[in-house]
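One structure is given here, and the rest of the page talks about it.
The values are calculated or read from the model by the stated rules, or taken from the named source; none is laboratory data. Remember, predicted model here, so these are calculated numbers, not experimental data. Note: ideal-geometry Cβ built from the backbone for every residue, glycine included; neighbour counts use all protein chains shown. We work out accessible area using only protein heavy atoms, side chains counted, and drop any ligands, DNA or RNA first. Shrake-Rupley method; radii C 1.70, N 1.55, O 1.52, S 1.80 Å.
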There are 2 protein chains.
Amino acid sequence: MTDSNDGNGGTGAATASVSSSSGRAGMQLGYTPLYMQVRQQLLDKLISGEWQPGTLLPSEQQLSVQMGVSQGTVRKALDALSADRIVVRHQGRGTFVAEHDQRRTLFQFFKIADDKGDRVLPETVYSQLKRAEPSASESRLLGLRPKGDVWRIVRHRALKGRVMLSEQIVLSADRFPGLDVHVPLPNNIYELYERHFVTTVTRAAEQLRAVAASAEDADVLGCSEHMPVLQIDRQAFALNGALVELRRSRCLTEQFHYASDLR
Amino acid sequence: MTDSNDGNGGTGAATASVSSSSGRAGMQLGYTPLYMQVRQQLLDKLISGEWQPGTLLPSEQQLSVQMGVSQGTVRKALDALSADRIVVRHQGRGTFVAEHDQRRTLFQFFKIADDKGDRVLPETVYSQLKRAEPSASESRLLGLRPKGDVWRIVRHRALKGRVMLSEQIVLSADRFPGLDVHVPLPNNIYELYERHFVTTVTRAAEQLRAVAASAEDADVLGCSEHMPVLQIDRQAFALNGALVELRRSRCLTEQFHYASDLR
DNA sequence: GAGTGGTCTAGACCACCGG
DNA sequence: CGGTGGTCTAGACCACTCT
């Protein structure tokens, strides 16, 4: 392993056995702190699938010995991953790779709430999967190879027994080979991504607009045509930063709303 | 000062001269870490107005001596305040009380972006202020005394020269005495709150719905009646956690959208 | 009781800013 | 150049979980 960044503060005798692996997104030049290098090393093991979701990581003590840095530096790296919800830490139990369980889906990725502010997970009442050619923009955004296909998923989803949401999902057929084997798709589709396709969605960006329901929307949602509906365009990103899912939802917002926290 | 929490780890000789001041929101019972007590002590000085926005705080070293805790503990307290955007830290310069400058308003509190994803601050093209009686729910939410009045502000705001947004703001007349002296209100109204009314907005919760434009909306926004518009209901909270502002916006979303990051 | 993460302390050096 | 926050280390004790 190549040493770097000595730059090694403290009383320390240990010269860190941490390879440089710089190039953190969103950092300016000049210098990469040791704990960020450690963070990246740990992240690489998650990206490669060496540590699957749900796995118990080695303890801080073990990692600090393995990586040749102090326990405090390992702690800072794990705290950074924890802040990004990539790992979950439990006092007395250990540090685990975050899973897309129902709670995470509900609080990180599903922003529809009822008028009391409670979030309710929707049930899927209709689901369709087909292979198709991408549009130019889909191909560009998903970084597809020339002539690479996409999967198109259409789902209708109900809250409290009423169909409230119609969504179309677009995925690279190369990244999700044999997706059709898993039909019918589970309600929690991000759990499917991570269990069968080594793809963990960690972050998403949504664009919201008010639009008029199309004739098809009206049919699906049981409302009149031209009814105002909330259109949500989502781009979802994996651990390595790649855009892996495009999604467009149209949602009735009479009994429910989209909740956004500004902080 | 009353000691508590000894509970004092480390080699330390120092018994912390930090009063208990427990009761952190969202904490379970049992115990309050020292750095959270320090955080609350610092926060109290901000709430009281003893440290105004823009103020340079004492250095970590000075604070650690003043409060009788280690520099590392002061650091953790300041890092927590920094994570909540309550203070801003600059290496080599010091720690400052956060201000509602244009950048903060743009990135923390204004979520409308153009199709390239760039956020543009809107200009106010019409503004009206009047004193009025609150509705029952307004009185309850804002915690008004019986017969306490409210201010109602109506503003029309333009992006790139086109009126895109109509908003109504409701404030306690008691909390904002003599607000009418400041007419015409500045475009950055949160800066007004903090400069003249010792009220710093730190957090807000928004509820989004797609609704049909009313006749009045259509007139203001220059669109047809029943056009789908994005309705944004905001509740804004001050440093002490009190709800201080209610706001309803209606926004055209043909050239712009509401951007929401899920992470 | 053993092991984990969480807190607290102490001290050193580094990167950055201003005068 | 002195002062600030940022990083790194080392070691102790605490709260929590599981066996």
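Each residue of the range A:152-158 is assigned a 3J(HN,Hα), and the resulting list reads 10, 10, 10, 10, 10, 10, 10 Hz, derived from the Karplus form 6.51 cos²θ - 1.76 cosθ + 1.60 (θ = phi - 60°), x at Gly and Pro.
For chain B, the mean projected area of the C-alpha convex hull, equal to one quarter of the hull surface, is 17.4 nm². With the cut-off at 1.5 for a/c, could you classify the protein assembly as shown from its C-alpha gyration tensor as rounded, prolate or oblate? Oblate, since a/c reaches 1.5 and b/c is not below a/b. Rounded to 0.05, the FRET efficiency of the B:Arg162 and A:Gln62 pair, given R0 = 60 Å and the Cβ-Cβ distance, is 0.50. Largest to smallest in accessible area, the residues B:Val183, A:Val69, B:Val120 fall in the order B:Val183, B:Val120, A:Val69 (1.4 Å probe, all protein chains included).
Accessible surface ranking for B:Asp114, A:Asp84, 1.4 angstrom probe, highest first: A:Asp84, B:Asp114.
Can you pick out the pairs among B:Lys111/B:Lys160; A:Lys111/B:Lys160; A:Lys160/B:Lys111; B:Lys45/B:Lys76 whose Cα atoms lie more than 20 Å from each other? Flagged as over cut-off: A:Lys111/B:Lys160; A:Lys160/B:Lys111. Relative contact order for the range A:206-254: 34 percent, from Cα pairs under 8 Å spaced at least 6 residues apart, divided by residue count. For the segment B:228-237, counting C-beta atoms of other chains within 10 Å of every residue's C-beta and taking the mean gives 4.
The value obtained for the range A:55-184, namely the Cα convex hull volume divided by the number of residues, is 188 Å³ per residue. Distances from A:Arg93 to itself in the other copies, using label points 7 Å out along the Cα-Cβ axis, amount to 4.3 nm in increasing order. Placing +1 on the Cβ of every Lys and Arg and -1 on the Cβ of every Asp and Glu, with nothing else charged, gives the range A:102-258 a dipole about its Cα centre of roughly 420 debye. Might you work out the accessible area of B:Leu56 for me, using a 1.4 Å probe with all protein chains in place, and round it to the nearest 10 Å²? About 90 Å², rounded to the nearest 10. How high is the relative contact order of chain B, in percent, counting Cα pairs under 8 Å that sit 6 or more residues apart? Once normalised by length, the contact order is 14 percent. For B:Gly241, inter-copy separations between label points set 7 Å beyond Cα along the Cβ vector come to 3.9 nm, shortest first.
Over the residues of chain A, the helix contribution to mean residue ellipticity at 222 nm works out to -6500 deg cm²/dmol, using -39500 (n - 2.57) for each DSSP H run of at least 4. Here A:Val154 and B:Asp114 are evaluated by their C-beta separation; at R0 = 30 Å the FRET efficiency comes out at 0.55. One Cα centroid belongs to the range B:35-61, the other to the range B:207-239; the line between them spans 38 Å.
At a probe of 1.4 Å, how much accessible area disappears from chains B and A on forming the pair, both sides counted, to the nearest 100 Å²? Interface area, both chains combined: 2500 Å², rounded to the nearest 100.
Here is how far apart the B:Asp174 label points are across copies: 6.5 nm, shortest first, using a point 7 Å from Cα toward Cβ. Using a 1.4 Å probe on the protein chains only, how many percent of the accessible area of the range B:102-258 belongs to carbon and sulfur? On the range B:102-258, the fraction of accessible area on carbon and sulfur atoms equals 48 percent.
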